[in-house]
Amino acid sequence: MSDHPSTGFLWGTATSAYQVEGAVDEGGRGRSIWDEFCERPGAVVDGQSGRVACDHFHRWEEDLDLMRGLGIQAYRFSIAWPRVLPEGTGHVNERGLDFYSRLVDGLLERGIEPMATLYHWDLPLALGEVGGWHSRETAHAFAEYARVAAERLGDRIRLWATLNEIPVIVHEGHCVGTHPPGERCEAQVINQVRHHLLLAHGLGTQALRAAARKRPSVGLVDCPHVPEPLTESEGDIAAARDAFERMNGVRFDPVFRGRYPAAWWEAQGASVPEVRDGDLATIQQPQDFLGLNVYSSWNVASAERGVCQLETHFPQTDLQWPIMPDCLYWATRFAHEVHGLPAIFITENGCAYPDQVNGRGEVDDFARIAYLRGHLRGVDRALAEGLPLRGYLLWSFLDNFEWAKGYAKRFGIVHVNFETLRRTPKASARWYAQHIATHSPPRAERA
Ligand code: IFM
């Protein structure tokens with residue numbers, strides 16, 4: 001592990017480029033695989049797309065002012081690779097970098113710490129057309145992009161996330177086809193795609209560290225399976241921890257141990273990925289932090305019954321995700337116990353509800369407040385037990401484009417009217433502002 005853990009704790013919010021920016025044809029941006037996917041009939045609910053989204057590309061100052069008003073301390077956004085390198089490699093689009101440079105300056109002027117994610121799914125279409133993540137070359141292209149971004153922004157951005165949610169990229173894009181490239185591949189191809197994504201993480205980490213002027217704090221953002229123990233008996237906790245290690249090992253073992261899990265490798269038979277000499281050493285870069293995107297725990301583990309699917313017994317959000325408020329605590333604890341991490345951020349957590357502005361011009365999203373109140377107790381517990389949790393980034397700041405599910409699934413603490421693009425902070429935004437104010441150490445002691 002590297003010796004550069006963050007100190008203090010950051011309360012923030014998160015978004016990603018394609019989900020909020022819009023302006024897909026502006027500022028020299030190239031096309032991404034999501035632009036193309038959204039044009040396929042039936043691919044996205046009601047033929048929607050991120051073409052306009054929240055228009056954050058033009059309204060970022062208003063959005064940053066809103067964040068400052070709420071006392072937000074950190075903002076996790078993603079850089080759109082096709083804005084920076086419209087063809088994926090080669091020509092650098094300075095206007096794209098200028099946008100992020102202004103955004104970062106705007107955050108710092110408002111006292112908000114930027115956390116930049118390099119890849120939140122919007123692969124340049126030019127790379128998608130020559131194999132995308134099937135191709136090893138895409139991992140090298142990612143390293144070139146990481147270098148370009150760090151050279152220009154690495155004097156001001158300290159917190160860098162390489163890739164967002166490898167499991168979702170692999171599963172939705174290459175197993176079930178609900179995200180681009182929209183395919184259902186056989187096991188060997190799926191394993192190869194995952195390997196290239198892990199390689200991109202390793203190469204990207206190296207490139208960031210080599211190019212950034214300010215020493216970067218670098219981590220992967222993952223969305224682990226979080227098996228919860230049925231009771232807090234030693235046996236149930238151990239069963240859940242084992243399940244956590246087993247269910248997430250195909251990514252965490254290469255990153256933190258420099259190897260694929262032996263049992264997994266054996267089970268793949270002829271479907272193992274091609275792993276070249278040196279790949280695993282490249283993937284196992286020292287990590288400054290691990291980002292955990294956790295919305296729910298899908299399973300309950302008990303010593304007697306193993307990992308059982310019990311989620312239908314719990315109340316659910318609008319996406320039918322079971323509400324299991326202890327998930328943040330268990331995810332943090334197990335990730336740390338299994339891999340001994342220097343720092344962990346909850347890089348996403350939140351819930352979708354069909355929020356609407358009422359006759360008084362307000363959004364009474366009390367279900368979200370209940371969700372947050374329950375989940376943030378898990379943060380309190382993790383901190384009280386001394387786990388190295390360094391921040392919580394609520395998903396999402398704005399209602400936005402929820403990928404293939406379109407705009408109806410609203411995750412924001414700020415409501416967006418997608419006709420007028422008007423922003424209305426919800427009741428949960430006021431609640432979160434209050435929570436931040438009462439749960440923060442004095443500013444000087446923060447990260
Ligand atoms: O909107 C997504 C985000 O892009 C990745 N993590 C999960 C969120 C909610 O589905």
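Looking across segment 377-402, the residues that are more than 15 Å from the ligand (Cβ to nearest atom) and in a loop (DSSP other than H, G, I, E, B) come down to Glu385, Gly386, Leu387, Pro388. Can you tell me which residues in segment 262-280 are in a loop (DSSP other than H, G, I, E, B) and out of contact with any helix residue (DSSP H, G or I) (no Cβ under 7 Å at 6 or more places or on another chain)? Arg276, Asp277, Gly278 - these are the residues of segment 262-280 that are in a loop (DSSP other than H, G, I, E, B) and out of contact with any helix residue (DSSP H, G or I) (no Cβ under 7 Å at 6 or more places or on another chain).
Has segment 41-48 got any residue that is in contact with a strand residue (DSSP E or B) (Cβ under 6 Å, 6 or more places away or on another chain) and assigned to a loop (DSSP other than H, G, I, E, B)? No, that holds for no residue.
Selection of first residues in segment 267-294 that are under 13 Å from Gln206 (Cα atoms) and of second residues that are among the polar types (S, T, N, Q) and buried (at least 23 other Cβ atoms within 10 Å of the Cβ), restricted to Cβ pairs under 6 Å at least 6 apart or on distinct chains, gives the following pairs, ordered by first then second residue: Gln285/Thr205; Asp288/Ser217. Ala116: open to solvent by less than 10 Å² (accessible area, probe 1.4 Å), within 27 Å of Leu389 (Cα to Cα) and of a type in the set (A, V, I, L, M), yes or no? Taking the combined requirement at face value, the residue satisfies it. If I ask for residues that are open to solvent by 40 Å² or more (accessible area, probe 1.4 Å), of a type outside the set (Val, Ile, Thr) and within 20 Å of Ala139 (Cβ to Cβ), which ones from segment 269-279 would you list? Matches in segment 269-279: Glu274, Arg276, Asp277, Gly278. Of all residues in segment 281-302, those being outside any strand (DSSP E or B), within 16 Å of the ligand (Cβ to nearest atom) and open to solvent by less than 10 Å² (accessible area, probe 1.4 Å) number 3. I'm checking my understanding of the structure. Among residues of segment 51-65 that are in contact with a helix residue (DSSP H, G or I) (Cβ under 8 Å, 6 or more places away or on another chain) and within 20 Å of Met115 (Cα to Cα), which one is most open to solvent (accessible area, probe 1.4 Å)? Taking the candidates together, the pick is Glu61. From the list Tyr407, Tyr371, the lone residue that is under 20 Å from Tyr295 (Cβ atoms), outside any helix (DSSP H, G or I) and out of contact with any helix residue (DSSP H, G or I) (no Cβ under 7 Å at 6 or more places or on another chain) is Tyr407. For segment 207-224, a residue qualifies if it is within 16 Å of the ligand (Cβ to nearest atom) and either aromatic (Phe, Trp, Tyr) or surrounded by fewer than 19 Cβ atoms within 10 Å (Cβ to Cβ) (or both), but none of them does. Residues in segment 225-261 that are surrounded by fewer than 21 Cβ atoms within 10 Å (Cβ to Cβ) and either touching a Gly at 6+ places or on another chain (Cβ under 9 Å) or in a loop (DSSP other than H, G, I, E, B) (or both): His225, Leu230, Thr231, Glu232, Ser233, Arg257, Gly258, Arg259, Pro261. Report whether or not Lys405 is open to solvent by 20 Å² or more (accessible area, probe 1.4 Å), touching a strand residue (DSSP E or B) at 6+ places or on another chain (Cβ under 9 Å) and within 11 Å of the ligand (Cβ to nearest atom). Here the answer is no, as Lys405 does not meet what is asked.
Within segment 153-164, identify whether any single residue is in a loop (DSSP other than H, G, I, E, B), open to solvent by less than 20 Å² (accessible area, probe 1.4 Å), at pLDDT 95 or above and β-branched (Val, Ile, Thr), and answer yes or no. Among the residues of segment 153-164, at least one is in a loop (DSSP other than H, G, I, E, B), open to solvent by less than 20 Å² (accessible area, probe 1.4 Å), at pLDDT 95 or above and β-branched (Val, Ile, Thr), which makes the answer yes. Filtering segment 86-144 down to residues that are assigned to a loop (DSSP other than H, G, I, E, B), in contact with a strand residue (DSSP E or B) (Cβ under 7 Å, 6 or more places away or on another chain) and charged (D, E, K, R), which residue is nearest to Gln73 (Cα to Cα)? Applying the filter and picking the extreme gives Asp122. Contact map, segment 42-68: residues that are under 24 Å from Pro82 (Cα atoms) paired with residues that are part of a loop (DSSP other than H, G, I, E, B) and of a type in the set (Ser, Thr, Tyr), Cβ distance under 7 Å, separation 6+ or inter-chain. Pairs shown: Gln48/Tyr407. Can you find a residue in segment 177-200 that is touching a Ser or Thr at 6+ places or on another chain (Cβ under 9 Å), part of a loop (DSSP other than H, G, I, E, B) and under 27 Å from Cys38 (Cβ atoms)? Yes, some residue in segment 177-200 is touching a Ser or Thr at 6+ places or on another chain (Cβ under 9 Å), part of a loop (DSSP other than H, G, I, E, B) and under 27 Å from Cys38 (Cβ atoms).
The values are calculated or read from the model by the stated rules, or taken from the named source; none is laboratory data. Note that the structure is a prediction, hence the values are computed from the model and not measured. FYI the Cβ positions are ideal-geometry reconstructions off the backbone, even for glycines, and counts take in every protein chain you see. The area values use the complete protein model at the heavy-atom level, side chains included, leaving out ligands, DNA and RNA. Shrake-Rupley method; radii C 1.70, N 1.55, O 1.52, S 1.80 Å.
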